[in-house]
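The values are calculated or read from the model by the stated rules, or taken from the named source; none is laboratory data. Keep in mind that what you see is a predicted model, and the values were worked out from it rather than measured. FYI the Cβ positions are ideal-geometry reconstructions off the backbone, even for glycines, and counts take in every protein chain you see. In case anyone asks, the SASA skips ligands and DNA or RNA and just uses the protein heavy atoms, side chains included. Shrake-Rupley method; radii C 1.70, N 1.55, O 1.52, S 1.80 Å.
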Amino acid sequence: MNKNVKVKTEKLKLWYGEKQALNAVSLDIYENKITAFIGPSGCGKSTYLRCLNRMNDLIDSVKIKGQVTLDGHDIYGSNVDEVAVRKKVGMVFQQPNPFPKSIYENIAYAPLMHDMVKKGKECDLLVENSLKDAGLWEEVKDKLHESGTALSGGQQQRLCIARTIAVKPDVILMDEPTSALDPISTQVIENLMSKLKEKFTIIVVTHNMQQAARIADYTAFFHLGNLIEYNETEKIFVNPQEEKTEQYITGKFG
(Lines give C-alpha, C1' and ligand atoms only; values in the text may rest on other atoms or scores of the structure.)
Protein backbone atom coordinates (compact mmCIF):
# COMPACT_ATOMS: atom_id res chain seq x y z
CA MET A 1 0.00 0.00 0.00
CA ASN A 2 1.31 3.41 -0.99
CA LYS A 3 1.96 5.40 2.18
CA ASN A 4 4.39 8.08 1.04
CA VAL A 5 4.04 11.26 3.09
CA LYS A 6 3.40 14.13 0.66
CA VAL A 7 2.65 17.00 3.05
CA LYS A 8 3.75 17.09 6.68
CA THR A 9 3.07 19.67 9.36
CA GLU A 10 4.84 19.73 12.70
CA LYS A 11 3.54 21.73 15.65
CA LEU A 12 1.85 24.21 13.33
CA LYS A 13 0.43 27.20 15.22
CA LEU A 14 -1.36 30.19 13.76
CA TRP A 15 -2.65 33.45 15.20
CA TYR A 16 -4.97 36.07 13.74
CA GLY A 17 -3.66 39.06 15.68
CA GLU A 18 -3.95 37.99 19.34
CA LYS A 19 -6.35 35.12 18.69
CA GLN A 20 -4.78 31.70 18.31
CA ALA A 21 -6.60 29.68 15.63
CA LEU A 22 -4.37 26.58 15.39
CA ASN A 23 -2.75 24.84 18.34
CA ALA A 24 0.39 22.85 17.45
CA VAL A 25 -1.13 20.68 14.70
CA SER A 26 1.10 17.80 13.55
CA LEU A 27 -0.22 15.78 10.62
CA ASP A 28 1.10 13.55 7.82
CA ILE A 29 -0.86 13.64 4.55
CA TYR A 30 -0.29 10.75 2.17
CA GLU A 31 0.41 10.87 -1.56
CA ASN A 32 -2.36 9.97 -4.03
CA LYS A 33 -4.97 9.78 -1.30
CA ILE A 34 -7.97 11.92 -0.48
CA THR A 35 -7.72 13.37 3.01
CA ALA A 36 -10.81 15.09 4.45
CA PHE A 37 -10.89 17.65 7.26
CA ILE A 38 -14.10 17.68 9.26
CA GLY A 39 -15.25 19.61 12.32
CA PRO A 40 -17.68 22.33 13.36
CA SER A 41 -17.56 25.82 11.81
CA GLY A 42 -14.66 27.90 13.08
CA CYS A 43 -12.66 24.87 14.24
CA GLY A 44 -9.56 25.71 12.18
CA LYS A 45 -9.91 23.29 9.26
CA SER A 46 -9.95 25.94 6.50
CA THR A 47 -7.25 27.95 8.28
CA TYR A 48 -5.09 24.84 8.38
CA LEU A 49 -5.82 24.09 4.71
CA ARG A 50 -4.69 27.59 3.70
CA CYS A 51 -1.38 27.10 5.52
CA LEU A 52 -0.55 24.35 3.03
CA ASN A 53 -0.24 26.74 0.09
CA ARG A 54 0.62 29.92 2.01
CA MET A 55 -2.73 31.58 1.31
CA ASN A 56 -2.68 32.91 4.88
CA ASP A 57 0.36 35.03 3.90
CA LEU A 58 -2.15 37.35 2.22
CA ILE A 59 -3.65 38.31 5.63
CA ASP A 60 -1.64 41.02 7.42
CA SER A 61 -2.46 40.03 11.00
CA VAL A 62 -1.44 36.36 10.63
CA LYS A 63 1.53 34.90 12.48
CA ILE A 64 2.60 31.30 11.90
CA LYS A 65 4.98 29.04 13.82
CA GLY A 66 5.91 25.43 13.19
CA GLN A 67 6.81 23.66 9.98
CA VAL A 68 5.04 22.69 6.76
CA THR A 69 6.94 20.47 4.32
CA LEU A 70 6.03 19.34 0.80
CA ASP A 71 8.09 16.34 -0.34
CA GLY A 72 10.43 17.08 2.55
CA HIS A 73 11.01 20.74 1.61
CA ASP A 74 9.99 23.51 4.03
CA ILE A 75 7.47 25.67 2.12
CA TYR A 76 8.00 28.56 4.59
CA GLY A 77 11.79 28.56 4.10
CA SER A 78 13.40 32.00 3.74
CA ASN A 79 14.34 31.41 0.09
CA VAL A 80 11.01 29.91 -0.97
CA ASP A 81 8.76 31.85 -3.36
CA GLU A 82 5.11 31.59 -2.32
CA VAL A 83 3.99 31.82 -5.97
CA ALA A 84 6.01 28.66 -6.71
CA VAL A 85 4.35 26.99 -3.71
CA ARG A 86 0.88 27.86 -5.04
CA LYS A 87 1.80 26.41 -8.43
CA LYS A 88 2.63 23.08 -6.76
CA VAL A 89 -0.32 23.23 -4.36
CA GLY A 90 -3.42 24.27 -6.30
CA MET A 91 -6.69 25.39 -4.72
CA VAL A 92 -10.38 25.06 -5.53
CA PHE A 93 -12.70 27.30 -3.52
CA GLN A 94 -16.20 26.96 -2.14
CA GLN A 95 -17.80 29.26 -4.70
CA PRO A 96 -16.83 28.52 -8.31
CA ASN A 97 -14.72 31.48 -9.43
CA PRO A 98 -13.94 31.26 -13.16
CA PHE A 99 -12.14 34.24 -14.67
CA PRO A 100 -14.42 36.50 -16.75
CA LYS A 101 -12.77 35.08 -19.86
CA SER A 102 -13.47 32.27 -22.30
CA ILE A 103 -13.39 28.64 -21.18
CA TYR A 104 -10.19 28.22 -23.20
CA GLU A 105 -8.50 31.28 -21.65
CA ASN A 106 -9.48 30.20 -18.13
CA ILE A 107 -7.28 27.15 -18.55
CA ALA A 108 -4.55 28.48 -20.84
CA TYR A 109 -3.86 31.68 -18.89
CA ALA A 110 -1.60 30.38 -16.11
CA PRO A 111 0.34 27.77 -18.14
CA LEU A 112 1.13 30.45 -20.77
CA MET A 113 2.10 32.95 -18.08
CA HIS A 114 4.45 30.38 -16.47
CA ASP A 115 5.92 29.47 -19.90
CA MET A 116 4.78 25.88 -19.43
CA VAL A 117 3.41 25.69 -22.98
CA LYS A 118 3.63 27.59 -26.23
CA LYS A 119 0.60 29.13 -27.92
CA GLY A 120 -0.99 26.99 -30.59
CA LYS A 121 -1.20 23.20 -30.74
CA GLU A 122 0.71 22.60 -27.51
CA CYS A 123 -1.61 24.89 -25.58
CA ASP A 124 -4.70 23.46 -27.32
CA LEU A 125 -3.71 19.98 -26.17
CA LEU A 126 -3.15 21.10 -22.59
CA VAL A 127 -6.59 22.75 -22.52
CA GLU A 128 -8.20 19.61 -23.93
CA ASN A 129 -6.43 17.25 -21.52
CA SER A 130 -7.20 19.45 -18.50
CA LEU A 131 -10.89 19.56 -19.43
CA LYS A 132 -10.90 15.80 -19.99
CA ASP A 133 -9.29 15.22 -16.58
CA ALA A 134 -11.96 17.45 -15.04
CA GLY A 135 -14.73 15.53 -16.80
CA LEU A 136 -15.89 18.60 -18.70
CA TRP A 137 -14.52 18.21 -22.25
CA GLU A 138 -17.56 16.57 -23.85
CA GLU A 139 -19.84 19.30 -22.50
CA VAL A 140 -17.77 22.29 -23.62
CA LYS A 141 -15.59 21.21 -26.57
CA ASP A 142 -17.82 23.09 -29.04
CA LYS A 143 -17.93 26.30 -27.00
CA LEU A 144 -14.35 26.83 -25.82
CA HIS A 145 -14.46 30.50 -26.79
CA GLU A 146 -17.63 31.25 -24.86
CA SER A 147 -17.42 32.76 -21.39
CA GLY A 148 -16.65 30.44 -18.49
CA THR A 149 -19.12 32.37 -16.36
CA ALA A 150 -21.99 31.26 -18.65
CA LEU A 151 -21.66 27.63 -17.47
CA SER A 152 -23.84 26.10 -14.74
CA GLY A 153 -22.53 26.11 -11.15
CA GLY A 154 -21.37 22.50 -11.29
CA GLN A 155 -19.70 23.05 -14.66
CA GLN A 156 -18.01 26.20 -13.38
CA GLN A 157 -16.58 24.25 -10.46
CA ARG A 158 -15.22 21.60 -12.83
CA LEU A 159 -13.76 24.41 -14.96
CA CYS A 160 -11.99 25.68 -11.84
CA ILE A 161 -10.69 22.16 -11.21
CA ALA A 162 -9.48 21.97 -14.85
CA ARG A 163 -7.78 25.35 -14.40
CA THR A 164 -6.04 24.05 -11.28
CA ILE A 165 -4.95 20.81 -13.00
CA ALA A 166 -3.54 22.74 -15.99
CA VAL A 167 -0.48 23.98 -14.08
CA LYS A 168 0.29 20.38 -13.06
CA PRO A 169 0.26 20.76 -9.28
CA ASP A 170 1.33 17.97 -6.90
CA VAL A 171 -1.46 18.66 -4.44
CA ILE A 172 -5.01 20.00 -4.87
CA LEU A 173 -6.67 21.72 -1.92
CA MET A 174 -10.46 21.92 -2.00
CA ASP A 175 -12.30 24.15 0.48
CA GLU A 176 -15.88 22.85 0.63
CA PRO A 177 -15.92 22.45 -3.17
CA THR A 178 -19.51 21.18 -3.39
CA SER A 179 -21.29 23.21 -0.72
CA ALA A 180 -22.71 25.63 -3.32
CA LEU A 181 -23.81 22.82 -5.67
CA ASP A 182 -26.90 20.68 -6.11
CA PRO A 183 -26.78 16.91 -5.28
CA ILE A 184 -26.23 15.79 -8.89
CA SER A 185 -23.32 18.21 -9.44
CA THR A 186 -21.95 17.18 -6.05
CA GLN A 187 -21.92 13.53 -7.09
CA VAL A 188 -20.13 14.40 -10.36
CA ILE A 189 -17.41 16.28 -8.42
CA GLU A 190 -17.05 13.46 -5.87
CA ASN A 191 -16.63 10.88 -8.67
CA LEU A 192 -14.12 13.19 -10.29
CA MET A 193 -12.10 13.51 -7.06
CA SER A 194 -11.89 9.74 -6.78
CA LYS A 195 -10.42 9.61 -10.30
CA LEU A 196 -8.05 12.55 -9.77
CA LYS A 197 -6.31 10.97 -6.78
CA GLU A 198 -4.55 8.64 -9.23
CA LYS A 199 -2.57 11.70 -10.37
CA PHE A 200 -2.79 14.12 -7.46
CA THR A 201 -2.85 14.25 -3.68
CA ILE A 202 -6.22 15.75 -2.68
CA ILE A 203 -7.06 17.50 0.58
CA VAL A 204 -10.67 18.54 1.08
CA VAL A 205 -12.40 20.55 3.79
CA THR A 206 -16.03 19.49 4.09
CA HIS A 207 -18.86 20.23 6.50
CA ASN A 208 -20.63 17.19 5.05
CA MET A 209 -19.65 14.11 7.04
CA GLN A 210 -21.36 11.77 4.58
CA GLN A 211 -19.15 13.21 1.86
CA ALA A 212 -16.01 12.54 3.90
CA ALA A 213 -17.20 8.99 4.55
CA ARG A 214 -17.89 8.45 0.84
CA ILE A 215 -14.72 9.81 -0.74
CA ALA A 216 -11.87 10.17 1.76
CA ASP A 217 -9.15 7.62 2.44
CA TYR A 218 -8.15 9.49 5.61
CA THR A 219 -10.11 11.88 7.80
CA ALA A 220 -8.90 14.46 10.33
CA PHE A 221 -11.30 15.84 12.94
CA PHE A 222 -10.60 19.39 14.15
CA HIS A 223 -12.14 21.13 17.14
CA LEU A 224 -11.32 24.61 18.50
CA GLY A 225 -8.01 24.78 16.63
CA ASN A 226 -6.88 21.34 17.80
CA LEU A 227 -6.45 18.19 15.76
CA ILE A 228 -8.48 15.75 17.87
CA GLU A 229 -8.14 12.61 15.80
CA TYR A 230 -6.70 11.47 12.48
CA ASN A 231 -6.98 8.01 10.96
CA GLU A 232 -8.25 5.99 8.04
CA THR A 233 -11.76 7.24 7.29
CA GLU A 234 -13.49 3.98 8.12
CA LYS A 235 -11.86 3.86 11.56
CA ILE A 236 -12.85 7.47 12.28
CA PHE A 237 -16.49 6.81 11.43
CA VAL A 238 -16.88 3.24 12.69
CA ASN A 239 -14.57 3.13 15.67
CA PRO A 240 -13.37 6.59 16.75
CA GLN A 241 -10.78 6.58 19.54
CA GLU A 242 -11.66 9.98 21.01
CA GLU A 243 -14.94 10.69 22.79
CA LYS A 244 -15.15 14.13 21.17
CA THR A 245 -14.90 12.57 17.68
CA GLU A 246 -17.70 10.17 18.49
CA GLN A 247 -19.88 12.98 19.86
CA TYR A 248 -19.37 15.04 16.70
CA ILE A 249 -19.99 12.13 14.32
CA THR A 250 -23.16 11.05 16.15
CA GLY A 251 -24.47 14.64 16.07
CA LYS A 252 -24.20 15.44 19.80
CA PHE A 253 -22.58 18.77 18.92
CA GLY A 254 -21.44 20.67 15.85
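Surface composition of region 108-193: carbon plus sulfur atoms contribute 50% of the solvent-accessible area (1.4 Å probe, protein chains only, all chains present).
Scoring 195-207, 5-17 by mean Cβ neighbours within 10 Å over their residues and listing the highest first yields 195-207, 5-17.
For Ile103, neighbours were defined as the other residues whose beta-carbon sits under 14 Å from its Cβ, and their charges (Lys and Arg +1, Asp and Glu -1) total -1. Apolar share of the accessible surface for region 1-90: 45 percent from carbon plus sulfur atoms, 1.4 Å probe.
Centroid-to-centroid, using Cα positions, region 238-254 and region 100-159 are 42 Å apart. Between the amide H of Leu22 and those of Leu14, distances stay under 5 Å, these residues lying 5 or more places away or on another chain, with hydrogens modeled in the peptide plane. Assuming R0 = 45 Å, what is the FRET efficiency of Asn239 and Glu10, from their Cβ-Cβ distance, to the nearest 0.05? Once the sixth-power term is evaluated, E becomes 0.95.
Taking 22 Å as the straight-line reach from the Cα of Lys195, the lysines in range (excluding those fewer than 8 positions away in the same chain) are Lys3, Lys6, Lys33, Lys87, Lys88, Lys132, Lys141, Lys168.
Full extension of the chain between Ala110 and Asp217 gives 35.5 nm of extra length, using 0.36 nm per residue less the Cα-Cα distance.
Evaluated at q = 0.10, 0.11, 0.12, 0.13 Å⁻¹, a Debye calculation over the C-alpha positions of the chain (equal weights, vacuum) places log10 I(q)/I(0) at -0.49, -0.60, -0.71, -0.83. Go ahead and run the numbers for FRET between Lys143 and Glu198, Cβ-Cβ distance against an R0 of 22 Å, rounding to 0.05. Plugging the Cβ-Cβ distance into 1/(1 + (r/R0)^6) gives 0.20. Region 1-23 and region 178-197 have Cα centres separated by 26 Å. Across region 223-235, coupling constants 3J(HN,Hα) worked out from phi with the 6.51/-1.76/1.60 Karplus curve, θ = phi - 60°, read 8, 6, x, 10, 7, 7, 7, 9, 6, 4, 4, 4, 5 Hz, and Gly and Pro carry x. Full extension of the chain between Lys121 and Gln20 gives 31.4 nm of extra length, using 0.36 nm per residue less the Cα-Cα distance.
Note on Ser152/Asn97: beta-carbon distance plugged into 1/(1 + (r/R0)^6) with R0 of 22 Å gives a FRET efficiency of 0.90. Among 186-193, 38-45, 69-76, sorting by the average number of other beta carbon atoms lying within 10 angstrom of each residue, highest first, gives 38-45, 186-193, 69-76. Here the chain carries DSSP beta bridges of which approximately 60% are antiparallel, counting only pairs with both residues inside. Packing, as the average of other Cβ atoms within 10 Å across residues, places the peptides 22-33, 147-158 in the order 147-158, 22-33, highest first.
The percentage of C-alpha pairs in region 81-155 whose separation is greater than 17 Å is 48%. Excluding ligands, DNA and RNA, the accessible surface per residue across region 1-71 is 45 Å² with a 1.4 Å probe. Summarising the strand pairing of region 132-254, around 55 percent of its internal DSSP beta bridges are antiparallel.
3J(HN,Hα) along region 100-115, derived from phi through the Karplus expression 6.51 cos²θ - 1.76 cosθ + 1.60 where θ = phi - 60°, amounts to x, 9, 5, 4, 4, 5, 3, 8, 6, 4, 5, x, 5, 5, 8, 6 Hz, with x in place of Gly and Pro.
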